[in-house]
1. Out of the residues in region 1-38 meeting the condition of being part of a strand (DSSP E or B) and aliphatic (A, V, I, L, M), tell me which one is farthest from ASP230 (Cα to Cα).
2. Could you check region 227-238 and list, in sequence order, the residues that are assigned to a loop (DSSP other than H, G, I, E, B) and either of a type in the set (Gly, Ala, Ser) or surrounded by 15 or more Cβ atoms within 10 Å (Cβ to Cβ) (or both)?
3. Suppose we filter region 140-151 for residues that are out of contact with any Ser or Thr (no Cβ under 7 Å at 6 or more places or on another chain), surrounded by fewer than 18 Cβ atoms within 10 Å (Cβ to Cβ) and farther than 11 Å from ILE109 by Cβ; how many remain?
4. Output the residue which, of all residues in region 152-191 that are surrounded by 17 or more Cβ atoms within 10 Å (Cβ to Cβ) and of a type in the set (Gly, Ala, Ser), is modelled with the lowest pLDDT.
5. Would you confirm, using the coordinates I've provided, whether GLY50 is out of contact with any Gly (no Cβ under 9 Å at 6 or more places or on another chain), assigned to a loop (DSSP other than H, G, I, E, B) and buried (at least 16 other Cβ atoms within 10 Å of the Cβ)?
6. Checking LEU99 against (1) over 11 Å from the mean Cα position of the chain (by Cα); (2) surrounded by 20 or more Cβ atoms within 10 Å (Cβ to Cβ), which single condition isn't satisfied?
Amino acid sequence: MKGVIFEIRAGAGGSEATLFAEELAAMYIKYAHKRGWKAMMVSDSRSDLGGLREAVFEIYGDGAYDVLKQESGVHRVQRVPKTEKSGRIHTSTASVAVLKIVEPQEVTIRPDEVEVTFSRAGGPGGQNVNKVETAVRLLHKPTGIVISSRSERSQQQNREKAMEILRAKLYEIKMNAVAGSQAETRREQIGTQDRSEKIRTYNFLQDRITDHRIKKSWHNIERMLDGYLDPIVKAFEK
């Protein structure tokens, strides 16, 4: 069963952007569960205030890439943060990249092109979590792409997971005929994360989600953030 790799990163907007990034990650994972698909976190990084700086997770399910590929881009949120005493509307962004999981034979990676380092996983899990260096970091020397994986219990499993993500990134570069660094690929897919570069806006005051590519809007933001993405998915199927 093939699937997709999601990369979500907080963009412009400070702590509010990290909260929005966390909501987006939860939205896609909830949607996957509603479809009966499997969702698995690979790595994440949180801000000091509890929001999500970035997250990488996988969703496995029949047709998952075709269903979710249109989610790549900059997502923008407009709302009054809970900490905003004057009632001023804040605009923040988070970027979403959707990569197709590919088979090893579809992308050739030479062993000498990859630098592998290990570290202790850290995070929750009790006293044993830091005793063994299970976390894996890969550096793909020709492109400068760096992959980290620490969700699995063994070093080998994390290495395999990181290689899977690296293959997906290299496949994306190949399919888009983009030569050069990871940053060039990112700019093609998600732009600079600036507020003006957006594919979709979540306007809480108007309770409306607008996709700027197909010029369609939907209401009931809270329900959609709870994983009810069927209206958006169906709009892209037409």
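The values are calculated or read from the model by the stated rules, or taken from the named source; none is laboratory data. Given the structure is predicted, the values throughout are model-derived calculations rather than measurements. Here Cβ is always computed from backbone atoms with ideal geometry, including for glycine, and neighbour counts include all displayed protein chains.
1. First, the residues of region 1-38 that are part of a strand (DSSP E or B): 3-10, 38.
Checking which are aliphatic (A, V, I, L, M) leaves us with 4-5, 8, 10.
Numbers: VAL4: 18, ILE5: 20, ILE8: 20, ALA10: 24 Å.
Here the residue is ALA10.
2. Just the residues of region 227-238 that are assigned to a loop (DSSP other than H, G, I, E, B), to begin with: 227-229, 238.
Listed by number, the residues that qualify are GLY227, TYR228, LEU229.
3. Of the residues in that region, 1 qualify.
4. The qualifying residue modelled with the lowest pLDDT is GLY191.
5. On the way: out of contact with any Gly (no Cβ under 9 Å at 6 or more places or on another chain): yes; assigned to a loop (DSSP other than H, G, I, E, B): yes; buried (at least 16 other Cβ atoms within 10 Å of the Cβ): no.
In short, no.
6. With respect to (1) over 11 Å from the mean Cα position of the chain (by Cα); (2) surrounded by 20 or more Cβ atoms within 10 Å (Cβ to Cβ), LEU99 is out only on (1).
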